[in-house]
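No value in this document is a laboratory result; all are computed from the given coordinates. This one's a predicted model, so the numbers in the text were calculated from it and none came from an experiment. For neighbour counting, all protein chains shown are included, and Cβ atoms are generated from backbone atoms with ideal geometry for every residue, glycine included.
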Ligand SMILES: [Zn+2]
């Protein structure tokens, strides 16, 4: 159900059910016109593996906190609020990626022959995601090293 406009799906199902019912009442053969097809959207088109790596970084256990008995992960919010480390969170990135996709999709809505190009998204996001991942890794590695040295 990801990437499906549920309201649109319900409206199409309703319309098709009414049409089929009218055809049945008249004793006509039911003709499916294919209007029930729902257009799917994949905002992650052209998004590189670095985005998944960023999600994985934020899913790691926060070792300093775990050693103190606080069971948590190193999410962007946790790092900022507890350890005063600022990283670009994957959730904020996801919203930007999704909004950009929607923006691009709206640009071609009235142009049925045009399609979104994976390469365009790749060009926009790949280098940026690499830089963000590098920055995040640097900050989280330093953070873990400092803690390790402090404990030893
Ligand atoms: Zn922590």
Ellipsoid equivalent to the range 89-141 - semi-axes via the Cα gyration tensor, in Å: 29, 12, 5
Nearest-ten-degree value, helix 118-151 long axis tilted from longest Cα axis of the chain: 30 degrees
Angle in degrees between helix 6-25 and the longest Cα principal axis of the chain, rounded to the nearest 10: 20 degrees
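What percent do you get for the relative contact order of the range 18-144 when only Cα pairs under 8 Å and 6+ apart count? Before the final figure, lay out each step's value.
Working: 88 pairs, mean separation 38.6, N = 127.
Taking the mean separation of contacting Cα pairs over the length of the range 18-144, I get 30 percent.
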For the chain, the fraction of alpha-carbon pairs in successive 10 Å shells from zero, as %: 9, 27, 21, 17, 13, 8, 4, 1, 0
Packing-based exposure ordering (other Cβ within 10 Å, fewest first) of 14, 122: 14, 122
Sequence of 116, 129 once ranked by neighbouring C-beta atoms within 10 Å, starting from the fewest: 116, 129
Tilt relative to the chain, helix 90-107 - C-alpha long axis, 0 to 90 degrees, to 10: 30 degrees
